Amino acid sequence: MAGFQSQHDTDSHNSIAALGLRWAALRGMLGSPLIHAEDQRALREELLQEVRSIGQMMSGITSRNAVEVCAKIDVMSEELRKAEPEEDGPMQALLASIRSDVMALSPRSVTERSNVQIVRGGAPAHRLAEATQAETARSEAAKSP
């Protein structure tokens, strides 16, 4: 676990995305049944401490977009879920509503709006088909006496 601590010390320019990925990886490790063995108690405590410190670091970074705000909301929601296991509690509903509102307010990218692919520089398909038909007709006419 010394690797986590040394990485934490050298990683002074953390972003919400990097912290979110680190948080998710630690949560995955904590979800493993192996980590709950008694002989892994020290490692489990160290992982929990690192998860808490990531939450604190995230609170000090300003989100740059809706996805980063949602990442912060997800971390807060998970921590709240641990503290209050009631799944449909009012706080969980409020966080879900805030997350939904943030996503609704953010402008969607062009790829989200349309599945149409724009191809530039090529002839439109109907013109290409017409040209092929005309060429075929010319070659047939040239073969006829």
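Only the coordinates and a few stated rules stand behind these numbers; no lab work does. Model, not experiment: these values are computed from the prediction. Cβ coordinates were reconstructed from backbone atoms using ideal geometry, including for glycine residues, and neighbour counts include every protein chain displayed.
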Could you work out the Rg to Rh ratio of segment 65-108, with Rh taken as the Kirkwood radius (inverse of the mean 1/r over all Cα pairs)? 1.02
For a protection proxy built on the mean count of beta-carbon atoms within 10 angstrom, sort 46-53, 28-35, 66-73, 99-106 highest first, please. 66-73, 46-53, 99-106, 28-35
